[in-house]
Every structure is written in C-alpha cells, then in structure tokens.
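Encoded as structure tokens, the structure appears first; notes follow it.
The values are calculated or read from the model by the stated rules, or taken from the named source; none is laboratory data. None of these values were measured; they are calculated from a predicted model. Don't worry about glycine lacking a Cβ; one is built from the backbone with ideal geometry, like all the others, and counts go over all protein chains shown. Just so you know, the surface numbers come from the protein's heavy atoms only, side chains and all, with ligands and any DNA or RNA stripped out. Shrake-Rupley method; radii C 1.70, N 1.55, O 1.52, S 1.80 Å.
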Amino acid sequence: MYPANLFRALANERRLQILDWLKDPRAHFPPQADGDLVEDGVCGLFIADKLGISQPTLSEHMRVLVQSGLVVPKRIKQWTFYKRDEEQIRAARAMVDTL
C-alpha cells in the first residue's frame, strides 16, 4: 500500500461514501441476481445508480479505491463486484495513526 494512493482514495467524498456503504452492503443495496452482497461484493451498476453517476465515472472512483488496496474487485459474468478489504483498511488506519 502506497501512502499517496491511500490519501488520494480518501480525499474524495464520493469514495468515502462508497467505503461506508460497502461496510454494510445489505443495508444499502438491494439483493442481486448474481453474487452475494457480502461474499462477492456489490455490483458496480448498483453503486453508480446510488451515487447518481455514470458507469465511466464510477469506474474511475473504483480504480482509485482498488489501487489504494481498500477495495477488491471480482468479476462475475460481465459485471464487476466490489467489496472492502478489511485487512488493508486496518493497515491503512495503523499507517495513518503513525503520522
């Protein structure tokens, strides 16, 4: 995990909102036809819809979150699903606490 990637990910309100929603996906997203909300993650289409943004805009937000290590993507059929990487989030917190 590179500090610059982490801070870039955390410097955007929409990315922070995504991280918050992914903490408890069943509370924030409807059931999915493919993939379990908790085990597989949330389909990018649902996240884009909830934020009210286009798919390409969401893709950029998710690219930054994935690069930071805070979110893990998973392909199922033609869709990409995202979930938090709790181990990396704990490591990021520890790194920030040392500053």
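Odds and ends about this structure:
- Fraction of accessible area attributable to carbon and sulfur, the stretch 1-91 (%, probe 1.4 Å): 52 percent
- Between GLU13 and LYS50, full extension at 0.36 nm per residue minus the direct alpha carbon distance yields a gain of 11.9 nm.
- Solvent exposure of the chain amounts to 60 Å² per residue of accessible area, where only protein heavy atoms count and the probe is 1.4 Å.
- When the charge dipole of the chain is built from unit charges on Cβ atoms (+1 for Lys and Arg, -1 for Asp and Glu) and taken about the Cα centre, the candidate among HIS28, VAL38, MET95 whose Cα reaches farthest toward its positive end is MET95.
- Within the stretch 11-72, GluC sites (Glu not before Pro) in DSSP loop having at most 10 other beta-carbon neighbours inside 10 Å: GLU39
- This model, with +1 at the C-beta of Lys and Arg and -1 at the C-beta of Asp and Glu, gives the chain a dipole about its Cα centre of some 200 debye.
- The chain - mean residue ellipticity at 222 nm from DSSP helices (-39,500 (n - 2.57) per run, n ≥ 4, rounded to 500): -16500 deg cm²/dmol
- Nonlocal amide H pairs with ILE76, under 5 Å, H built at 1.01 Å: PHE81
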